[in-house]
Amino acid sequence: MARAGVVTAEARSWYPDLESPDMKRAPRMARPNPHRSAFLARFTKSAALVSVLLAVCSFADAQELSPTAQRLLKKAQAAVAAVQRRVEAGETPQEVIDELQKLDGLMQAGKHKAAEALLDGALVALDIDPKTLAKKPTKRAPAVRRPLPKFNPAGFAKIFDGETLDKWDGDPKYWRVEAGVLVGEVTPATLLKENSWIVWRGGVVEDFELVLDFRVSAQGNSGVGYRLAEVEGQPFAVRGPQADIHGGNMFTGICYEENGRRLLAARGQSSWIDDPGTKPRLIAQFGDPEELQGVVRKEHWNRYRLTVKGNDAKHFINGALMSEVHDHDETNRMKRGLLGVQVHVGPPMKIEFRNVYLKHLGTPGKGDAARGSVTYHSGDLLELDHPPSFEHFVRQTAKLTAPVSKTQLEGRAELTIVTRDLGIVRHDLTNVKLSGGSRTEMSNESAYDLVVMTADSVVRVPNVGSWLIGKPLDEDYRVRLKWNDDKGHYELVDLSPAKQVPKEKPPADERSSRLADPAVLREETEAALPSWADDVQTFIMLPTRPRRARELHVSVNGAWGGIPGKYSILPHNPAIQQEYNHDQKGFADAVHKAGLVVPASINTIEGFHALRDVVPNLDAMACRNVAGELVPAGDEMTLMCSINPGWVQWEIDTGKAAIDAGAEWIMLDTPMGASFISGFLKAGFCDHCMANFEAYLNEKYSDADLQRRFGSQSFGRHEIARRLTAMQKVTPMSDSAHVKSTPDALLFQEFARCQEETNFTTRRHVMATLHEYAQERNRKVLFCTNAADLGTQNPGGHWIRGLMFADLVDLFTYELNNDSQGRFGAPQAKMPRGKWAAFHKLAYAVHHRRSAALVHTQDVDAMRRQAEAGRSFRTWMATQAIEAYAANGSYIPFHVEMSSFGALPMKAIWSRVFEHNRFVQEHKELYRGELVSGSPVAFLFLFNERGRTIPGVFPSYLGLAQGFIEGNYPFDVVFAGDGRYVKDRLEMKQLDRYATLIVPSPINPTENQKQVVRAFAQAGGVVVCQEPKLLGLTADSVKRAGDSGSWWKSEFRYGRGLVRVLSGEVSLTDTHDVGSKFFRQYTPELRSQVARLADDLGLASLLKDRRDGLLSAFPVVQHDRRRVIVHLVNYDVDYARDVIRPKKDVRLTLPASSFSTGKLKGILYGPDGNRTTAVAVRRAKETLECTIPEIGQGAVLVISGHGQSR
C-alpha cells in the first residue's frame, strides 16, 4: 500500500462514482427498489395487487435473486400483467385477484412452495401455461454501439494538424499522413523487431488531458504513451506508461508501462503502486472487463481521453473509465516526459489517429527536456505475454470478486483481521475473469462491497466498501466483523488503523497531514461558471411556478430548491408537484423557458421525514445521542450523520440527478454537519462517528498518552459518549469545555477536531465529485453552501466554521438570526443594532460575488405566528433587503408559495421585499461591477485556527465594522485563508489601494500573511491591530497613549509606516478591544470611541450629523462609468406601526474622485425607489457635497462627472 501520503476523499476511484455507464445508477437508498418499480408500473389500475408484488420482491431482495426467487418473480410478473390487461379491457377477474392477495401471507410465512402453487393456479386461470415461463431466456441482443462522446475543444491545443508531421518525430518507414489522419502501418515487408514510436516534439507533458480518436486493424497492437523518456542507443524506443490499443480488443484500455514495470492496471481495475519492487495492488474492481470491452468499437473509430494528474492516471474510451493507476513508486514512476504513439512488433497492422487535442493542467516544459533523461530499466513485473506473471492479476481479481461470504470463517461469529490487503468491488460483480471467462447476472445495484484479504482467506462484506473513503493506504488496518444470522453474512463493525508503535512525541495539536492541501475546486477543474453568476440576482426561498416567480421579480427561482421535501428541485408543494407530474426535469425546463435560474438543494444534516419515500433506510444513517436514539430536530426532521458513507453517497447521487435534470445553482445546506452537532446538540454518537473517533485517538496517541491525557486507554463507546455529552452544553465561554484542561474537556476538544476534519473531508469529496460530474457533461453550475448562522455568536461557532468551506463553493448563502448575538426574538435583533451589513461585506470579500442572506427559520415561524395575530413586519424585512443589496450582498425572502399559509405572510411580511426586487431588476446597473467603496481603509480578516475553534473570540471585526457603518465611515474587507482549509492567497497588490489596514483579533497568521502585512507597513501603510507580535511587528521604541480610556494603547514606527495597537487584551475566551465591547454592549459611548478611532485615522464621515446608527451610507465607485453610487439605508423602523420614520435634508459629503471634474450631476432614486429626483452636487476643495431632501426606507444617489449620469 502507499508510502507517500494519504488517499483523500477526492480519490474517487474506490468510491462509488465511476464513469462507466453501469456505474451511474443511483444506489438503492436513493431510488425505489428496481424490481418493484418495474412491476408496479405495470398495474396502475389494480392497486389491490400491490401487496402481491411487494411480498415477492421483498423475498427476492432477501434471497439475492436465487433460482426460486427468480422463478417466483417471473410468475408474479406474468400474472399481474395478465390481470392488468384484463382490467384495461373492461374485465375484472375478481376471483384471481382474491386468490393472488393470499400470496402475501404465504410469503411472510415462508411457504414458498405453496406460493408457487397458488401462482401456477392463477396463471392457468388466466390462460397462461406456467411451464412456458420456465424456459431459458433467449440470448440478449448485442449492445448497440454508442456514438463517439461529444468533445468541446475549448482550452485544448490541436497538436496534429492533419496535413503534415510537423513537430512529430518517427520512422517514416512506418508513419505518414493520409486524408487528415496520422497513419502507422507495418506491412509484410517492414515487419518490426522492436516496437517503433513516433513522438510529439512540441513540448513535454506533466499534468495534462489528452483527447484523440483512434482506429486499429484486427491484427493491430498500439498504444498512446505519455510522460515518456527516450531509451538511449535505441532509435524510436521509449520508456513510460501507455494507454493500450489492441485490435483483438483484449488489452484496449489497460495501463501498461513500455520497457518498465509492464502491466500497471487491467481493464476495469484501479491499482495502487507502492515502493520500488512492489507489485501493483488492486484496490478496486470497478467494472466488468467484458462489459467494458463491449464499449470499444472494433475496427471503427473510438475516442480515447487520458487524464493524468500527479500520481494518478485515468484512461477513458468513449466516455467509459477503462483503468486507473495511483502510482506512488517515486523511484520508477515517470513525472514528466514526451507524448507518443506506437506500432507494435507482430503481424502486419495498421493504426490511425485523428483529432489529437492536448490541454496542460500544469506548466509545460521545454521541448527536449526529457530527451535521454531516463535510461532503460528492465522491469520484472506482470508482463502480459508471460503467463506466470499475468496470473498474478487473475488471482488477485478472483479474490476481489469472490461472492459475498455466506458461511462463517472457521466457524467464528466475530472476526478481527489485521491486514493491508483491502479492496472495493462493485456489488454486482462476482467471479469476473480477465481472459474470457464469465460473469454472473447483474443485480443492478451500484453499491460497493469491501473485500478483506489475508494470506489464507478472503471475506467479502456487502455494501460497505465506501468505508475506505479518505483512508490512508500505507498501513495495516484492524477490521472487525460480526456475523448476522438473519442476513447470513458478515457485517462490518469497525475499520481503523492498526495500533502503530507510537512516536516519542506525538504532534502537539495538529493532524494537518490528514487533510489535503487547500485547493479551490473551481480552479482545479477550470470549469466555467454560468453567465449569470457574477450578475446581481433576486430570490425567493422555495421555488414557485415560473409565471408567479416573474410576477414577484425573482431571477433565481427558489434558492433552497426542494427543501424540505423529497425532491432537490421540485418545491415541497403538492399542487406544483402534481401539475408537473413529479417530473423535476419538466419543472426545470419550464423555469429555464421563463428565463429564470433553476436551483437545487442537497441536505447534509437535516433528514426531513418526507425523504423516507426515497430513502427507506434514512434512520440507519442518522445521528444518535448518548442512548443510541435518533435525534429529532423539530417535528419534520431527524439529524443525520453527515460523515456516514451511505448518506454522503446519497448527497452525491442527489446532486448528480439535479445536474442531469437541469439545475444550475446547487446549494449544499448546512455543511458544518458533524462539527455543528458535536458542539452542543448532545449528539454525534452513532457507530460510525464513534469508530472514527476511536481510530483518530489511536492514530494520534499511544496507550500511555491516552491514559495520561484522558484517563483511559480503552475506548468504550458508551463511556466515551457519556463523558462527551456532559461537555456539550451552551455555557459562558469562560466555563466552556473549549478552554478547560480537564480530561473530559480535552477529550471533548479532540472529538470536536476529529468531527471537524472528517466532516470537511466528506464535504470536499461531495463537492469535488459534483464539480467533475458537471464538467464532464459540459454543464455550467454554480455551487453554493448555506453557512448557517453566519451572523450569530452561538457557542457552537458555526458562523466562522462556515467560512471553512469557502474554497469548495462559488458563493455563500447564510441563514441569519435577527439577533446578531444568537438570542431568538431578543430586543437586540431589531435595527439599528441588528444590522447584517458587516456579514455581507465579509461574505463578498471571500468570493467577490454577492452572497445571499435570509432570516433564520425559527424567526420566520415566530413572525408568521404573530402575523396571524395581526402584526406585520413588512418594513423591517424590506430594510433587511435594502441593506443587503447596499452592503455588497443580496437577500432571500423566506417566502413559501403554499395555498395553506402563503397569502398572509406575503401581505404581512414579504410584500415590500418583492417590491424592492422589482427595483433591483429594473436598475441592475446600480448594483453591478466591482464593489469597492473608494475608502483608503480595509479590514484584513484572517480566517484562522483561533477564531474557528474558540467560538467566543470573533466580535472584534463585527463590532468595529458595525461602528464604522453606523458612523458612516466607508471601508472594504480583504479576506485571507488559513492555508489549511482555505487557501491563503493574500498578495501585496490586493492592498495597493489602501493606506490603512485594520486587523481584528484573534489571529493566527500564516508566514505569507506576516510578510505581506510587514511589507505593507514598511512601504508606509498604517496597521491597526491588537496583537502586533503575532504579525512580526515589533520595535525598540514604543509610544504609549496618554488617555487610559483611549481606543489605542501604544504605537510605533515600522519602516516608513506606523503600527497602532488597540487597547484591551485577547484572552482564551474573548477579545476586549473597543470593537468587541461595542458588539457586546452597544452603547453610544462605545460608538463614539469607534468614531474617534476612524477620525484619528484621517477618515471623514459621509453623514457627519447622522452618526447614531439610524442612517447609513454605502458608497461604490464605478471607475469604468466615471461615477459614484451611494446606497442609503434608513434603519429607523417604527415597529409598532410597521412604518419607517423618514429622514429629511440629509447632508452628504464625499471625497472628490478623479473623474468628478467639470459639470457634476446627481440623480436620486427614492425615497420609494420608483421615481428619480435631480440633486445639486457642489464641489468644495477635495470633497463633493449635496443635500438629499428626503430618504424613506432607502435611496440610491448617483453622482457623475462630465455630464455622465447613467
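The values are calculated or read from the model by the stated rules, or taken from the named source; none is laboratory data. Please read these numbers as outputs of a predicted model, since none were measured by experiment. No Cβ is skipped: glycine too gets one built from the backbone with ideal geometry, and neighbour counts run over all protein chains shown.
Assorted remarks:
This table checks each residue for (1) modelled with pLDDT under 90; (2) more than 20 Å from Asp161 (Cα to Cα); (3) surrounded by 13 or more Cβ atoms within 10 Å (Cβ to Cβ); (4) not assigned by TED's automatic domain parsing to the domain that holds Ala284.
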| position | (1), (2), (3), (4) |
| --- | --- |
| Asn332 | yes, yes, yes, no |
| Arg336 | no, yes, yes, no |
| Val343 | no, yes, yes, no |
| Pro347 | no, yes, yes, no |
| Glu352 | no, no, yes, no |
| Val356 | no, no, yes, no |
| Ala369 | yes, yes, yes, yes |
| Leu382 | yes, yes, yes, no |
| Ser389 | yes, yes, yes, no |
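- Selected residue [buried (at least 24 other Cβ atoms within 10 Å of the Cβ) and basic (Lys, Arg)] from Arg267, Arg262: Arg267
- Criterion: in contact with a Gly (Cβ under 7 Å, 6 or more places away or on another chain), hydrophobic (A, V, I, L, M, F, W, C) and in contact (Cβ under 8 Å) with a residue 24 or more places away in the chain - qualifying residue of Val211, Val204: Val204
- Test: Ala575 is within 26 Å of Pro905 (Cα to Cα), in contact with a Cys (Cβ under 9 Å, 6 or more places away or on another chain) and outside any strand (DSSP E or B): no
- Selection count where residues are exposed (fewer than 14 other Cβ atoms within 10 Å of the Cβ), of a type in the set (A, V, I, L, M) and in a loop (DSSP other than H, G, I, E, B), scope the range 697-737: 1
- Only residues that are over 19 Å from Thr996 (Cβ atoms) and surrounded by 22 or more Cβ atoms within 10 Å (Cβ to Cβ) were counted across the range 1079-1102, and they come to 1.
- Counting only strands (runs of 3 or more DSSP E) that sit completely within the range 582-692, those holding 1 or more residues that are closer than 22 Å to Phe748 by Cβ and without any contact (Cβ under 8 Å) to a residue 60 or more places away in the chain correspond to 637-639.
- Any hit, the range 478-492, residues being at pLDDT 60 or above, closer than 30 Å to Ala600 by Cβ, surrounded by 16 or more Cβ atoms within 10 Å (Cβ to Cβ) and in contact with a helix residue (DSSP H, G or I) (Cβ under 8 Å, 6 or more places away or on another chain): no
- Cross-chain or 6+ apart pairs with Cβ under 7 Å, the range 845-862 first and surrounded by fewer than 23 Cβ atoms within 10 Å (Cβ to Cβ), then part of a loop (DSSP other than H, G, I, E, B) and of a type in the set (Asp, Glu): His847/Asp810
- Thr1183 passes every criterion in (1) modelled with pLDDT of 90 or more; (2) under 42 Å from the mean Cα position of the chain (by Cα) apart from (2).
- Among all residues of the range 1070-1083, there is at least one that is over 18 Å from Phe954 (Cβ atoms), assigned by TED's automatic domain parsing to the domain that holds Tyr994 and of a type outside the set (Phe, Trp, Tyr).
- Residue list for the range 1000-1034, restricted to those being in contact (Cβ under 8 Å) with a residue 24 or more places away in the chain, in a helix (DSSP H, G or I) and surrounded by fewer than 15 Cβ atoms within 10 Å (Cβ to Cβ): Asn1008, Ala1015, Gln1018
- Filtered by the rule that a residue be over 22 Å from Gly248 (Cβ atoms) and basic (Lys, Arg), the range 273-304 gives Lys279, Arg281.
- The range 867-882 - residue that is part of a helix (DSSP H, G or I) and not hydrophobic (A, V, I, L, M, F, W, C) and, of those, nearest to Ile1191 (Cα to Cα): Thr879
- Qualifying residue in the range 982-989 (condition: surrounded by 21 or more Cβ atoms within 10 Å (Cβ to Cβ), in contact with a Phe, Trp or Tyr (Cβ under 6 Å, 6 or more places away or on another chain) and in the same structural domain as Leu1030 (by TED's automatic domain parsing)): yes
- Matching option when the condition is buried (at least 21 other Cβ atoms within 10 Å of the Cβ), modelled with pLDDT under 90 and part of a helix (DSSP H, G or I), among Gly791, Gly802: Gly802
- Answer residue from the range 653-668, given it is hydrophobic (A, V, I, L, M, F, W, C) and crowded, with 24+ Cβ neighbours inside 10 Å and is nearest to the chain's Cα centre (by Cα) among those: Leu668
- Residue selected from the range 847-866 under the condition in a helix (DSSP H, G or I) and basic (Lys, Arg), by the criterion farthest from the chain's Cα centre (by Cα): Arg865
- Across the range 1053-1078, the qualifying residues are those that are of a type in the set (Val, Ile, Thr) and not in a strand (DSSP E or B), and the one among them that is surrounded by the most Cβ atoms within 10 Å (Cβ to Cβ) is Val1074.
- Set Ser1037, Ser1050: member being over 34 Å from the mean Cα position of the chain (by Cα), of a type in the set (Gly, Ala, Ser), assigned to a strand (DSSP E or B) and not assigned by TED's automatic domain parsing to the domain that holds Glu757: Ser1050
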